1. Pull up region 55-72, narrow it to residues that are closer than 13 Å to residue 85 by Cα and touching a residue at least 24 places away in the same chain (Cβ under 8 Å), then point me to the one that is surrounded by the most Cβ atoms within 10 Å (Cβ to Cβ).
2. With the condition kept exactly as written, say whether any residue in region 227-236 is charged (D, E, K, R), under 27 Å from residue 156 (Cα atoms), assigned to a helix (DSSP H, G or I) and within 29 Å of the chain's Cα centre (by Cα).
3. Residue check: is residue 108 at pLDDT 80 or above, outside any helix (DSSP H, G or I), in contact with a Leu (Cβ under 9 Å, 6 or more places away or on another chain) and surrounded by 14 or more Cβ atoms within 10 Å (Cβ to Cβ)?
4. How many residues, within region 188-215, are within 24 Å of residue 281 (Cβ to Cβ), assigned to a helix (DSSP H, G or I) and free of Cβ contacts under 8 Å to residues at least 40 places away in the same chain?
5. Would you check if there is a residue in region 73-93 being out of contact with any strand residue (DSSP E or B) (no Cβ under 7 Å at 6 or more places or on another chain), open to solvent by 20 Å² or more (accessible area, probe 1.4 Å) and at positive phi?
6. Test residue 259 against the stated conditions and say whether it is under 20 Å from residue 216 (Cα atoms) and exposed (fewer than 14 other Cβ atoms within 10 Å of the Cβ).
7. Could you please let me know if residue 116 is touching a residue at least 40 places away in the same chain (Cβ under 8 Å), in a helix (DSSP H, G or I), within 24 Å of residue 87 (Cα to Cα) and touching a helix residue (DSSP H, G or I) at 6+ places or on another chain (Cβ under 7 Å)?
Amino acid sequence: MINIWGVRFRIHPLLTIVLLLSAVTGHFIEIITLFGIVVIHELGHITAAKHFGWRMREVRLTPFGGVAVTDEAGSVPAREEAVVAVSGPLMNVLMIGFAYGLEAAGVWTEAWMHYWVRANMTLLLFNLIPVMPLDGGKLLQSLFSLAVPYHRTLRVTVMVSLLASAAMLGTALSRFGSGGIELNLAMIASFLLYSNWYEWKTLPYRFIRFLMRRNARVEDWMRRGVMARPILVKHKDKLPAVVTKLLRERLHIVLVMDERGQLLTVLPEQYCTTHYLEKKKDSAVADLFM
């Protein structure tokens, strides 16, 4: 484990094995170069995250790239998440320009410049695949949450990522009988599949965290006089019918209707989320005012 700019970089045991094997097989320079590119890529994420005041727990370095771990997901503006997501690939673009500049100045050879550019382009394009937990997946999730309730955003993006990962693994395995298995693709797909399975299993906890940290933003919206968007529910509906309709970037009020469509009352969204978080998930909306 190493520490850079106050952030722990935890090296996965598999990556340690890859580094040792590269030394034995004579490819240590190439692997350590890729390792350095991944670290610089992650420093792009860290720089943007620290600019917004995020708390960075650690960066996990694996044979498939780096994963920045933060507690801020879902509790910050989608714009911030999008900027942090693209900051890593932006570092790859800057490194490509850096390589061309050094080659033009005669500092780097053409062969080394091409290797550096190819490595950065590979990492850049791979990370922009719209699959969680890659940068492209995080960017897609941030943009999706602007128009779709956050609960549905989590479910749809993780489910799509699971299916895409499974399809990627299936593609790799399908080549087994016709020229050999695509080992690299199979390993990457397996890693993505496991990551998204874990995301799916922990989705309820992520949504609860979103609700717990939402009040600060709601209070800020109310101070600024932001117009609230109504959520229509029936008085017999349970509280999940309210909280699962919350848009990430909108303030809401809850319009409670009777069976004839007549307005019974208007509730602030935080009144519903508070009761939901107090383990009263099975309560009907009517229980909050009757």
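The values are calculated or read from the model by the stated rules, or taken from the named source; none is laboratory data. Computed from a predicted structure; not experimentally measured. All Cβ positions, glycine included, derive from the backbone under ideal geometry; neighbour counts span all protein chains shown. Only protein heavy atoms, including side chains, enter the accessible area calculation; ligands, DNA and RNA are left aside. Shrake-Rupley method; radii C 1.70, N 1.55, O 1.52, S 1.80 Å.
1. The initial filter retains those residues of region 55-72 that are closer than 13 Å to residue 85 by Cα, namely 66-70, 72.
Imposing the further condition that a residue be touching a residue at least 24 places away in the same chain (Cβ under 8 Å) reduces the set to 66-68.
Numbers: 66: 23, 67: 18, 68: 27.
Within region 55-72, the match that is surrounded by the most Cβ atoms within 10 Å (Cβ to Cβ) is 68.
2. no
3. Values: at pLDDT 80 or above: yes; outside any helix (DSSP H, G or I): yes; in contact with a Leu (Cβ under 9 Å, 6 or more places away or on another chain): yes; surrounded by 14 or more Cβ atoms within 10 Å (Cβ to Cβ): yes.
For residue 108, the condition - at pLDDT 80 or above, outside any helix (DSSP H, G or I), in contact with a Leu (Cβ under 9 Å, 6 or more places away or on another chain) and surrounded by 14 or more Cβ atoms within 10 Å (Cβ to Cβ) - is met.
4. From region 188-215, those within 24 Å of residue 281 (Cβ to Cβ) are 198-215; that's our starting set.
If we keep only those that are assigned to a helix (DSSP H, G or I) as well, we get 198-201, 203-212, 214-215.
Keeping just the survivors that are free of Cβ contacts under 8 Å to residues at least 40 places away in the same chain gives 198, 201, 204-205.
Final tally of qualifying residues: 4.
5. Taking every residue of region 73-93 in turn, none turns out to be out of contact with any strand residue (DSSP E or B) (no Cβ under 7 Å at 6 or more places or on another chain), open to solvent by 20 Å² or more (accessible area, probe 1.4 Å) and at positive phi.
6. On the way: under 20 Å from residue 216 (Cα atoms): no; exposed (fewer than 14 other Cβ atoms within 10 Å of the Cβ): yes.
No.
7. Numbers: touching a residue at least 40 places away in the same chain (Cβ under 8 Å): yes; in a helix (DSSP H, G or I): yes; within 24 Å of residue 87 (Cα to Cα): yes; touching a helix residue (DSSP H, G or I) at 6+ places or on another chain (Cβ under 7 Å): yes.
Yes, satisfied.
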